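Trainee: Would you mind keeping the following structure in view while I ask a few things?
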Amino acid sequence: MATVPPDRPNVLSRGSYAEASRIATILRKETVGGMLLVAAALIALIWANSPASDGYFALRDFKIGYEPWHLELSLGAWASDGLLAVFFFLVGLELKRELVAGDLRDFRKAVIPVAAAVGGVVVPALIYVAINWGNDATIGGWAIPTATDIAFAVAVLAIVGSHLPSALRIFLLTLAVVDDLIAILIIAVFYTTDINVVALGLTLIPLALYTFLAQKYRRFFGLKPAAAWFILLPIGVVTWALLHASGIHATIAGVLLGFAIPVIRSKASGGPEAGPGLSEIFEHRFRPISAGFAVPVFAFFSAGVAIGGVDGFTSALMDPVTIGIIIALVAGKPIGILGTTWLVSKFTRARLDPSFRWVDLFGVGLLAGIGFTVSLLIAELSFGFGSLENDHAKVAILTASVLAALLATVVLRIRNRRYKQIEAEERVDADNDGTPDVYQGGGH
């Protein structure tokens, strides 16, 4: 019998203890954040459809800020432009961490999840465009169903008690990370119209200063938590304000600031083997702020839509915007992820890890169809705050996210017994050295 070449890649493989343990820590924090996100969205939806709905919309549209600096914004706009920049700062940290020291630095490991993520973006976009073809008023929302909300997805895993193995969790997080990168590029390229060149040029000054300080004094900022608040944060806020004034969506500033943070420890601090770098330290410090406050508040101000009862909901479901988003997220995401993974595995001769089945990837693909936070942001950028199309897009995003979560729950619960077996296998210490050889699965 022919043997499998040792360099033949796996579609899903169990990661190292260090990498999978780091991923598990991230997902545990995202689980709490995801539950807060869902709670905030439900509160907003109930309030917006209650007799006291005027109070919700008055609060969302209440303006505050300094007009001469173009910063007199509604609370809803502050949440999407300001608070969501914190979320994208964490995205920037995680992206750079994966590219410099994570699995994405290895082409052989990265090619399949990256390709799957691209497929999970392209197929939903094509489905939406096909359904809205010829309608100039709605076709601009093609990017809405391309996003994946990792916090919402792992909250679903926590609620259903799925013992999803570490390899599948890492695959899901990698999908979401690459998905976020693509979303960032889409926002920067397709949702930027008039650019203020002067403001954009001025943005480079505080950004360069921020980068220099973070790189030069990484040990100082790692040891002194208050230093980041009193030195780096003000410079970051100036960077954000100037980028906002330039016409580029201000959340991109969060990504740029995240990318400026060094991942690897300097030689003076002991090098990579001496412990986590500043990027990982900042990730631990600021993820609770993002997951526990920034994203739930954004969800609260963005998810509130007056549906108009059964008639209003039925009317919204007839809109091509709604139809396109729901089909693209619920069907397009898993088709794109599963189909692209299968195609790449054929071309690269990669094989599925013997512990898994293709239905497991299908379940992950359904989870990726939960496109909440970034989808809501792109809907606002596509159709404008308060427009009918934006309201229908919100209904579609909420409906699709619930449907995707329910379908993923069914698939993953069916496979949960097998996942428990894999989890038990992952606890085995094959060489009896007192530590797990692979990550102990993240069951709840």
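The values are calculated or read from the model by the stated rules, or taken from the named source; none is laboratory data. It should be emphasised that the depicted structure is a prediction, and the values quoted were computed from it without experimental measurement. These accessible areas exclude ligands, DNA and RNA; they are computed on the full protein's heavy atoms, side chains included. Shrake-Rupley method; radii C 1.70, N 1.55, O 1.52, S 1.80 Å.
Trainee: Based on alpha-carbon centroids, what's the gap between region 204-242 and region 78-134 in Å, whole number please?
Mentor: Region 204-242 and region 78-134 have Cα centres separated by 25 Å.
Trainee: Hey, can you find the accessible area per residue of region 206-324 for me, probe 1.4 Å, expressed in square angstrom?
Mentor: 43 Å²
Trainee: Follow-up question, since we're still on this one. Can you tell me the accessible area per residue over region 97-178, all protein chains present, probe 1.4 angstrom, in square angstrom?
Mentor: Value for region 97-178: 33 Å² per residue.
Trainee: Taking only Cα atoms of region 152-197, what ratio of Rg to Rh do you get with Rh as the Kirkwood inverse-distance radius?
Mentor: 1.25
Trainee: With every protein chain present, what accessible area does V189 have (1.4 Å probe, heavy atoms only), rounded to the nearest 10 Å²?
Mentor: 100 Å²
Trainee: Follow-up question, since we're still on this one. Just to verify a number: what accessible area does F212 come out at with the full protein assembly present, 1.4 Å probe, Å² rounded to tens?
Mentor: 110 Å²
Trainee: Ok, one more. Relative contact order of region 299-408: what whole-number percent is it, with Cα pairs under 8 angstrom and at least 6 residues apart?
Mentor: 42 percent.
Trainee: Rounded to a whole number, what is D in µm²/s for region 108-184 from Stokes-Einstein with the Kirkwood radius over alpha-carbon pairs (25 °C, 0.890 mPa s)?
Mentor: Approximately 177 µm²/s, per Stokes-Einstein.
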